[in-house]
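See below for the structure under consideration.
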Amino acid sequence: MIRNRFTLLVTAAVVLAACSSSSGSAAPGPALTDPDAAELAQQAPDSFKVLFETSKGSFTVLAYRAWAPLGVDRFHYLAKHEYYNGVKFFRVLPNFVVQFGIHGSPAVSAAWRGRNIGDDPVKGSNQRGTISYAMGGPGTRTVQLFINKVDNSRLDASGFAPIARVISGMEVVEQIYGGYGEGAPRGNGPMQDMIQAQGNAYLTRQFPLLDSIVRARIVQE
């Protein structure tokens, strides 16, 4: 009886450990909650690849510093520290964009909310497969990105400077769930201020069909 009880306890511990590991529930480290200003200011390589493993499959992005130095430097920091792990694609609009970047942890979101980066001149164009920062006006880029699903070159004149492009897996991007539509109050999709305040808990509860990034990491520099 004692041996059987011990076996059950060991088995339960293994199961709990596996569940904890697979859920990605570890607390974010200081690189995300209290980023070092000196490291944030470091220059990114001329180009680098980031692999996005998602709930729909994988796609690979190639970033070009010459396109938008300030934006790419920030993206390199975020990718290096795997900021986008667990982040959900909260705004997916047909024939337009796939948007993501608000962290699943409200504490991490709060740490980045005021860390704006300056504007880059628009050197590329928002063609299908390119990636740019979402912003609410000049000087407001932080961590949110969008992937252009179609030719959105009309965005060029508004200052949206592409930083990268999808070089493989665009078919995966096309499959990311977009049934909720535009965010409230213009549509029935997630409210960005609620994501900032409650993180993935809000999205999982109210929008369970959203796809997410399992892991995003630099795979080549």
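The values are calculated or read from the model by the stated rules, or taken from the named source; none is laboratory data. Please read all numbers here as calculations on a predicted model, not as lab measurements. Cβ placement follows ideal geometry from the backbone for every residue including glycine, while neighbour counts extend to all protein chains displayed.
Just to verify a result, which residue in the stretch 192-221, among those that are aliphatic (A, V, I, L, M) and more than 25 Å from G129 (Cα to Cα), is surrounded by the most Cβ atoms within 10 Å (Cβ to Cβ)?
To start, the set of residues in the stretch 192-221 that are aliphatic (A, V, I, L, M) comprises 194-195, 197, 201, 203, 209-210, 213-214, 216, 218-219.
Filter once more, so that each one left must be more than 25 Å from G129 (Cα to Cα): 194-195, 197, 201, 203.
On the way: M194: 16, I195: 25, A197: 13, A201: 14, L203: 22.
Ranking the candidates gives I195 first.
How about the stretch 179-200: which of its residues are part of a loop (DSSP other than H, G, I, E, B) and in contact with a helix residue (DSSP H, G or I) (Cβ under 7 Å, 6 or more places away or on another chain)? P190, G199 - these are the residues of the stretch 179-200 that are part of a loop (DSSP other than H, G, I, E, B) and in contact with a helix residue (DSSP H, G or I) (Cβ under 7 Å, 6 or more places away or on another chain).
From the list F59, F48, pick out the single residue that is modelled with pLDDT of 95 or more, touching an Asp or Glu at 6+ places or on another chain (Cβ under 7 Å) and part of a strand (DSSP E or B).
Details: F59 fails: touching an Asp or Glu at 6+ places or on another chain (Cβ under 7 Å).
Going through F59, F48 in turn, the sole match is F48.
When you check V172 against the structure, is it β-branched (V, I, T), closer than 16 Å to V61 by Cα, surrounded by fewer than 18 Cβ atoms within 10 Å (Cβ to Cβ) and in contact (Cβ under 8 Å) with a residue 24 or more places away in the chain, yes or no? Judged against the criteria, V172 is not a match. When only residues in the stretch 119-159 that are of a type in the set (A, V, I, L, M, F, W, C) and surrounded by fewer than 15 Cβ atoms within 10 Å (Cβ to Cβ) count, which is farthest from Y177 (Cα to Cα)? Among those residues, the one meeting the criterion is A157.
Residue pairs whose Cβ atoms lie under 7 Å apart, separated by 6 or more positions or on different chains, with the first residue in the stretch 206-221 and closer than 20 Å to L78 by Cα and at pLDDT below 95 and the second assigned to a loop (DSSP other than H, G, I, E, B) and not hydroxyl-bearing (S, T, Y), are E221/P45. When you go through (1) within 21 Å of R74 (Cα to Cα); (2) surrounded by fewer than 21 Cβ atoms within 10 Å (Cβ to Cβ) one by one for P162, which number turns out not to apply? Only one criterion is unmet by P162, namely (2).
The set of residues from the stretch 193-221 being in contact with a strand residue (DSSP E or B) (Cβ under 6 Å, 6 or more places away or on another chain) and of a type in the set (S, T, N, Q) comprises S212, Q220.
Filtering the stretch 72-131 to residues that are touching a helix residue (DSSP H, G or I) at 6+ places or on another chain (Cβ under 7 Å) and on the phi > 0 side of the Ramachandran plot leaves G86, G129.
Determine whether A197 is more than 25 Å from A41 (Cα to Cα), touching a Pro at 6+ places or on another chain (Cβ under 9 Å) and modelled with pLDDT under 95. Judged against the criteria, A197 is not a match.
Here the strands (runs of 3 or more DSSP E) wholly within the stretch 70-178 that include at least 2 residues being closer than 25 Å to R215 by Cα and over 14 Å from the mean Cα position of the chain (by Cα) are 162-168. The number of residues in the stretch 72-107 that are surrounded by fewer than 20 Cβ atoms within 10 Å (Cβ to Cβ) and of a type in the set (A, V, I, L, M) comes to 2.
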